[in-house]
Amino acid sequence: MTSPDATGEPQGWRVLGFGRDPEVSAAIQEGLRAQGIRARAFALTDDPDGDARLERELCEASYDGVAIGGFINGQNPDVRPAFGTTLWFNRVLNIIHSHAPQSKIILVREPADALPAIQRILGPSRTSS
């Protein structure tokens, strides 16, 4: 874990994360920041507005990783994937590939898996320049 800098901002990995629930996204963002990760998490909608929001978020910063919540990526063990969700996930992957090809893709199974998933893909949090 890395410490916050003088401004109180974390100095670890920069990660953009999203799922479908605003409250869960806010809680995950808070928890990741407490662990030293420069996290930005939000609720994504399955519509053109959601696609546009994802594009904007990806263009606002360079991210080490992009974490996709379990409902969207089909990995949540409590939710059976549906054809519509598969189409949404495929669209999301292509948006990420187009706007942040340098970012690692992180599939999160459920909220408690956010930090372990990031660490599986990016490794322990690090201090950035």
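Restricted to Cα positions, what overall size does the chain have along the principal axes? Three whole-Å values, descending.
46, 30, 24
Pull out the extension gain between D47 and C59, defined as 0.36 nm times the separation in residues minus the alpha carbon to alpha carbon distance; nm, one decimal.
Residue separation times 0.36 nm, minus the Cα-Cα distance, leaves 2.4 nm.
Mind giving me the FRET efficiency for N90 and D21? R0 is 25 Å, r the Cβ-Cβ distance, nearest 0.05 is fine. Intermediate values should be presented prior to the final figure.
Details: r = 21 Å, r/R0 = 0.84.
So the FRET efficiency works out to roughly 0.75.
Cβ neighbours within 10 Å, averaged per peptide: list 62-70, 105-113 in order, most packed at the top.
My ranking of the peptides, most packed first, is 62-70, 105-113.
Along the Cα→Cβ direction, 7 angstrom out, place labels at H99 and V79. What is the inter-label distance in nm?
2.0
Please state the relative contact order of the chain as a whole percent: Cα pairs under 8 Å, 6+ residues apart?
30
Only four residue types carry charge here, +1 at the Cβ of Lys and Arg and -1 at the Cβ of Asp and Glu. Report the dipole size of the chain about the Cα centre in Debye, rounded to the nearest 20. Let's see the in-between values first.
On the way: 13 positive and 16 negative charges, 85 e Å.
Roughly 400 debye for the chain.
Taken together, the values in this text are just the output of simple stated rules run on the coordinates, not laboratory data. Treat the numbers as computed from the prediction; the structure is a model and nothing was measured. Neighbour counts are summed over all protein chains in view; Cβ atoms, including those assigned to glycine, are modelled from backbone coordinates with ideal geometry.
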